[in-house]
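Have a look at the structure below, then the notes.
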Amino acid sequence: MKVRKAGVSDALGIAKVHVDTWRSAYKGIISDKFLQSLNYIGRENRCKERLKNQEEKHFFYVAEDELRGIIGFAVGGLEQFEPNIEDPITSKYEGELLAIYVLEEYQRKGIGAQLVQKVIKNLLEHAINSMLVWVLKESNYRVFYEKLGGKYLTENY
């Protein structure tokens, strides 16, 4: 398994991981109707556009298994805080882990931590020394971030 920077040719693999992990991670949290409406082609097209237009401080990494292909991905960059929300707690963070998804059967093997480390390294290379991630309150994956040193900041929005 290797972790590397993603390119446009990775869009379909990223899309498949995105759709499949949403369906498993958010079952019972987000409506089944919405989860079933997700599709690979729609996500692939959106992903291609984002990959084509990667900015200097907005970047994708993939985790790739030799046999299975892309099994996880992470996106990092500048914090995407809504400009109309003035929150003194979260507004001081410059970087954000915008997305991280690893196929269920590959979880708890350190792959997610490796992806997060790549994002952190890239942020630090751009002199961004703080990062946050938005996580649904109901998500069981909040423990993952806590194990990596994440701290609960606020509940809102």
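Tabulated data
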item	result
Pairs, first farther than 18 Å from Ala25 by Cβ in region 105-119, second of a type outside the set (A, V, I, L, M, F, W, C) and modelled with pLDDT of 95 or more, C-beta under 6 Å, six or more apart	Lys118/Tyr61
Meets criteria (touching a residue at least 24 places away in the same chain (Cβ under 8 Å), over 17 Å from the mean Cα position of the chain (by Cα) and over 22 Å from Lys137 (Cβ atoms)) for Gly69	yes
Scope region 128-139; condition in contact (Cβ under 8 Å) with a residue 60 or more places away in the chain and either surrounded by fewer than 12 Cβ atoms within 10 Å (Cβ to Cβ) or not in a loop (DSSP other than H, G, I, E, B) (or both); matching residues	Glu138
Residue within region 79-91 that is without any contact (Cβ under 8 Å) to a residue 60 or more places away in the chain, β-branched (Val, Ile, Thr), outside any strand (DSSP E or B) and touching a strand residue (DSSP E or B) at 6+ places or on another chain (Cβ under 9 Å) present	no
Residue match in region 112-127 (condition: modelled with pLDDT of 90 or more and part of a loop (DSSP other than H, G, I, E, B))	yes
Tabulated pairs, region 22-34, first among the polar types (S, T, N, Q), second surrounded by 10 or more Cβ atoms within 10 Å (Cβ to Cβ) and in a helix (DSSP H, G or I), C-beta under 6 angstrom, 6+ apart or interchain	Ser24/Glu104
Scope region 53-70; condition closer than 21 Å to Gln117 by Cβ and in a strand (DSSP E or B); matching residues	His58, Phe59, Phe60, Tyr61, Val62, Ala63, Glu64, Asp65, Ile70
Scope region 35-53; condition in contact (Cβ under 8 Å) with a residue 40 or more places away in the chain and of a type in the set (A, V, I, L, M); matching residues	Leu51
Arg50 modelled with pLDDT under 95, farther than 19 Å from Gln117 by Cα, under 14 Å from the mean Cα position of the chain (by Cα) and outside any loop (DSSP other than H, G, I, E, B)	yes
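A quick yes/no check of all residues on (1) surrounded by fewer than 13 Cβ atoms within 10 Å (Cβ to Cβ); (2) small (Gly, Ala, Ser); (3) closer than 23 Å to Arg50 by Cβ; (4) in contact with a strand residue (DSSP E or B) (Cβ under 7 Å, 6 or more places away or on another chain):
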site	(1), (2), (3), (4)
Ile111	no, no, yes, yes
Leu123	no, no, yes, yes
Lys147	yes, no, no, no
Gly150	no, yes, no, no
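The values are calculated or read from the model by the stated rules, or taken from the named source; none is laboratory data. A quick note: this is a predicted structure, and the numbers were derived from the prediction, not measured. Note that we place each Cβ from the backbone using ideal geometry, even for glycine, and neighbour counts take in every protein chain shown.
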